[in-house]
1. Could you figure out which of (1) open to solvent by less than 40 Å² (accessible area, probe 1.4 Å); (2) among the hydrophobic types (A, V, I, L, M, F, W, C); (3) modelled with pLDDT of 85 or more isn't true of Leu146?
2. Between residues in the stretch 6-18 that are over 9 Å from Ile163 (Cα atoms) and residues that are of a type in the set (Ser, Thr, Tyr), which pairs lie under 7 Å by C-beta distance while being six or more apart or on different chains?
3. Please go through the stretch 120-139 and pick out each residue that is out of contact with any Phe, Trp or Tyr (no Cβ under 6 Å at 6 or more places or on another chain), modelled with pLDDT of 85 or more and open to solvent by less than 30 Å² (accessible area, probe 1.4 Å).
4. Hey, does the stretch 37-52 have a residue that's over 18 Å from the mean Cα position of the chain (by Cα) and at pLDDT below 85?
5. Considering the stretch 51-73 alone, what residues qualify as being open to solvent by 80 Å² or more (accessible area, probe 1.4 Å) and either acidic (Asp, Glu) or touching a residue at least 12 places away in the same chain (Cβ under 8 Å) (or both)?
6. I want to confirm something. Restricting to the stretch 83-109 and keeping residues that are modelled with pLDDT under 80 and open to solvent by less than 90 Å² (accessible area, probe 1.4 Å), which single residue is nearest to Ser130 (Cα to Cα)?
Amino acid sequence: MTKTTVKNIILGILLTAAGIVLVAAPQTSIKIVIILLGMGAVINGIFNLVRVRSLSDDSQFKMTAVIRGAVSIVVGLLACIIPMVFFSAAETVIRVMLYIFGVYLVLSAFAEFFLVSKLHEIGVATKMFSGEAVVSIIVAVILFMLPANFGIIIIRVFGIALILCGIAFAVYSFRNRVFVVEPDSIKDAAVEEE
């Protein structure tokens, strides 16, 4: 088997393991999701400050990108730190962070739509940015549902989907693996004919 096949099989096993964790411990999984979303927000904020801000010379565009970037970093850091610091009161803190993060994503999506309109005016491709705004709204809606019992169901369904995808990916990678046959010796046909 090639290294890629082995990596794909290991990835499938890891996806399955992550799905099992989501199904078995949805409350803990929600904490992990909050921390991962926080890390993503910090990275997104830095990206907005470094790259997005320079896409246009419009002062409103730059100001919106800076504010969005700074708020992303602050909310992201809070999402990473608060669940760890207040671990004993984690359920309440997580619930509050879910709502804060949901509101942040909705406001961020509106800022993104504003940035998209400004980029569209100067002829810059905006498909990626529009997609990010739509995904932000979808994730915000899911975050608003998570504190209720319905959220646990969503986490478990996602866990089951991860288990199925992980198993399917590992089996597919195994069945479609590349066989490498190494010969014991190699003879040149041209040399044998002489």
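1. Of the numbered conditions (1) open to solvent by less than 40 Å² (accessible area, probe 1.4 Å); (2) among the hydrophobic types (A, V, I, L, M, F, W, C); (3) modelled with pLDDT of 85 or more, the odd one out for Leu146 is (3).
2. So the pair list comes out as Asn8/Ser173; Ile9/Ser173.
3. Answer for the stretch 120-139, where residues must be out of contact with any Phe, Trp or Tyr (no Cβ under 6 Å at 6 or more places or on another chain), modelled with pLDDT of 85 or more and open to solvent by less than 30 Å² (accessible area, probe 1.4 Å): just Ser136.
4. yes
5. Arg53, Asp57, Gln60, Ile67 - these are the residues of the stretch 51-73 that are open to solvent by 80 Å² or more (accessible area, probe 1.4 Å) and either acidic (Asp, Glu) or touching a residue at least 12 places away in the same chain (Cβ under 8 Å) (or both).
6. Filtering the stretch 83-109 for residues that are modelled with pLDDT under 80 and open to solvent by less than 90 Å² (accessible area, probe 1.4 Å), the one nearest to Ser130 (Cα to Cα) comes out as Leu98.
The values are calculated or read from the model by the stated rules, or taken from the named source; none is laboratory data. What you see is a predicted model; the values in this text were computed from it and never measured. Positions of Cβ are backbone-derived with ideal geometry, glycine not excepted, and every protein chain shown enters the neighbour counts. Keep in mind that these areas ignore ligands, DNA and RNA; they rest on the heavy atoms of the full protein, side chains included. Shrake-Rupley method; radii C 1.70, N 1.55, O 1.52, S 1.80 Å.
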